[in-house]
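The structure appears below as structure tokens.
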Amino acid sequence: QVQLVESGGGLVQPGGSLRLSCAASGSIFSINGMGWYRQAPGKERELVARVTNGGSTTYADSVKGRFTISGDNAKNTVFLQMNSLKPEDTAVYYCNAVRNGMFYWGKGTLVTVSS
């Protein structure tokens, strides 16, 4: 099994920045990728960004140019740097990892963008 622990969420004003972190532990061998999803009230969970173990990245159109995903393979940790935050970015952000075709999820961290 894979365990994921997120941190870094909170309240920020529009135009501000936050950096989310996710640490993976457990059966981390053969993890093929990690990423971030988010779910706003009344909406479906959606992909925000993901990175493969080969280094390729994918971003939602709504966050391109503002968010950056990166990782530290030695520490089995993935980050999401969020800049120029907008109220529409308000959501619970979930870390995920893919291993042997299965998705593993953290419990989520709340990001609120409001003045």
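The values are calculated or read from the model by the stated rules, or taken from the named source; none is laboratory data. A quick note: this is a predicted structure, and the numbers were derived from the prediction, not measured. Note: ideal-geometry Cβ built from the backbone for every residue, glycine included; neighbour counts use all protein chains shown. With ligands, DNA and RNA removed, areas are computed over all heavy atoms of the protein, side chains included. Shrake-Rupley method; radii C 1.70, N 1.55, O 1.52, S 1.80 Å.
What to note about this one:
- Distance between the 7 Å Cα→Cβ label points at residue 11 and residue 77: 2.7 nm.
- Taking every alpha-carbon pair under 8 Å whose residues sit at least 6 apart, the chain reaches a relative contact order of 37 percent.
- Cα convex hull of region 33-87, projected area averaged across orientations, nm²: 4.2
- Remark: the chain carries a charge dipole of roughly 80 debye about the Cα centre, counting +1 on each Lys and Arg Cβ and -1 on each Asp and Glu Cβ.
- For region 33-61 and region 3-25, distance of Cα centres in Å: 14
- Rg ratio (alpha-carbon, reference 2.2 N^0.38 Å) - the chain: 1.01
- Distance-filtered residues of region 53-92 - backbone nitrogen under 15 Å, label point 7 angstrom along residue 25 Cα→Cβ: 75-78
- Whole-number percent relative contact order across region 1-49, with pairs defined as alpha carbons under 8 Å at least 6 apart: 31
- DSSP beta bridges confined to the chain are antiparallel in about 95 percent of cases.
- Accessible area per residue, Å², the chain with all protein chains present, probe 1.4 Å: 54
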